[in-house]
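All remarks here apply to the structure that follows.
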Amino acid sequence: MKMVKSLILAGLLAFAPAVAMSQDAFAQDNAAAAANATAPVADSAAAPAAAAPAEKVAAPARMRPTEGIGMPRPGEITLQEQFSPTGRQGRWIHDSLLLPIITVISLFVLGLMLYAMVRFRRAANPVPSKTSHNTVIEIIWTVVPVIILLVIAVPSISLIAEQYKPAPKNALTVKVTGYQWYWGYEYPDQGIPEFVSNMQTPEKALANGEPYLLSPDNRLVLPVGRPVKLIITGADVIHSFAVPSLWVKMDAVPGRLNEKSFTIEKPGVYYGQCSELCGARHGFMPIAIEALPPAQFDQWVRSQGGDPAGKGGAAATAAAAADSAAAPAKI
């Protein structure tokens, strides 16, 4: 029995130093972890999230509208003047192709009616003609309309393809949401959260020199000469985002993301309205796009706390820096 106790005591004495050392190591590990958790980050480049946010700058002055640009004119009976490539193509088809064809056909049909009324009236033809078929005339009135439709179809199909062509990779992306009864705009790549756009009061519109019922308080600000991609949706009912002078019209459907791309050619303020009956205040959902030169647009983005380069620009810059660092030096 004494021998067993001696063996147990010897075993405990043999393991005691190892247990003590493991406890000391465990205490050291805990102390090191606590020190790492509380220690400040010395390298600011290794922790970009800790960097201070960019300082905001002043926004450009609110642009005043110019009569005849981006808005209807008094007594105007044709399409508004267009300031996008797609719009100019669409107006050319309307003014230079469709209207002449419509005019010629209308005058031709009117002439035939007047001729038939005079030439084949009862007084001049007491015995009516019994002609039932004329092969030449039937061929003409079949072939000529087909040719007319082909002439119209070629540029029309080209315009449709241009309207739905996907936006290029460098396009500015803006999410547009229709609400009852106002619009919301968000710049996801630039980091600008959604802001809403409501119609101004008559007094404010008059003070700003803007047309009442077309002037909202906050405008959709876009750059000139850069492709724009609008992601359009609705939050409650179907709306329609329409700016006639830019040839832009797309439904805002709840649960669906519709896309519309275009490029603005000239600085200015371009007005539009909701074009889908959406409720009691459907007529009070104006749209105003303020198109700025690239430098002023970048200034506006900074004034909203956003990054003009956007996610794509930052990624491209990082990739270019990595490539230049990895490339061997030229001798």
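The values are calculated or read from the model by the stated rules, or taken from the named source; none is laboratory data. Just so it is clear, the model here is predicted, and its values are computed rather than measured. Note that we place each Cβ from the backbone using ideal geometry, even for glycine, and neighbour counts take in every protein chain shown. Remember, those area values only see protein heavy atoms, side chains included, never the ligands or the DNA or RNA. Shrake-Rupley method; radii C 1.70, N 1.55, O 1.52, S 1.80 Å.
Given points 7 Å out from each Cα along the Cα-Cβ axis, report the residue 226 to residue 281 separation in nanometres with one decimal.
3.2
Could the peptides 285-297, 107-119 be put in order, highest first, of the mean number of other beta-carbon atoms found within 10 Å of their residues?
Highest to lowest by the protection proxy: 285-297, 107-119.
For residue 61 and residue 118 in the same chain, what is the full-extension length gain: residue separation times 0.36 nm, less their Cα-Cα distance, in nm?
13.8 nm
Where only protein heavy atoms count, and the probe is 1.4 Å, what is the accessible area per residue for the range 102-259 in Å²?
Averaged over the residues of the range 102-259, the accessible area is 61 Å².
Tell me, what ³J(HN,Hα) does each residue in the range 102-109 have, in order and in whole Hz, if you take phi through Karplus 6.51 cos²θ - 1.76 cosθ + 1.60 with θ = phi - 60° and put x for Gly and Pro?
4, 5, 4, 5, 5, 5, 5, 5
For residue 106 and residue 309, what does the FRET efficiency come to when R0 = 41 Å and r is the distance between their Cβ atoms, rounded to the nearest 0.05?
After rounding to 0.05, the efficiency reads 0.15.
Report the net charge of residues surrounding residue 232, where surrounding means a beta-carbon distance below 11 angstrom and charges are Lys +1, Arg +1, Asp -1, Glu -1.
+3
Calculate, in nm to one decimal, what residue 235 and residue 141 gain on full extension: separation in residues at 0.36 nm each, minus their alpha carbon distance.
28.8 nm
Taking a threshold of 29 Å on the Cα-Cα distance, which of the pairs 169/204; 169/249; 204/260; 204/311 fall above it?
From 169/204; 169/249; 204/260; 204/311, over 29 Å: 169/204; 204/260; 204/311.
R0 = 22 Å: FRET efficiency of residue 152 with residue 258, Cβ-based, nearest 0.05?
0.25
For an R0 of 41 angstrom, estimate the FRET efficiency from the Cβ-Cβ distance between residue 97 and residue 175 and round to the nearest 0.05.
0.70
Show the residues, 5+ positions off or on another chain, whose built amide H is closer than 5 Å to the amide H of residue 273.
Distant-sequence amide H within range of residue 273: 242, 287.
May I ask you to evaluate 6.51 cos²θ - 1.76 cosθ + 1.60, the Karplus curve with θ = phi - 60°, for each residue of the range 235-241 and list the ³J(HN,Hα) values in order in whole Hz, giving x for glycine and proline?
Once rounded to whole Hz, the list reads 9, 9, 10, 7, 10, 8, 8.
Taking θ = phi - 60°, what integer Hz values does the Karplus form 6.51 cos²θ - 1.76 cosθ + 1.60 yield along the range 208-219, in sequence order, with x for Gly and Pro?
For the range 208-219, the Karplus-derived couplings read 8, x, 10, x, 5, 6, 10, 10, x, 6, 10, 8 Hz, x marking Gly and Pro.
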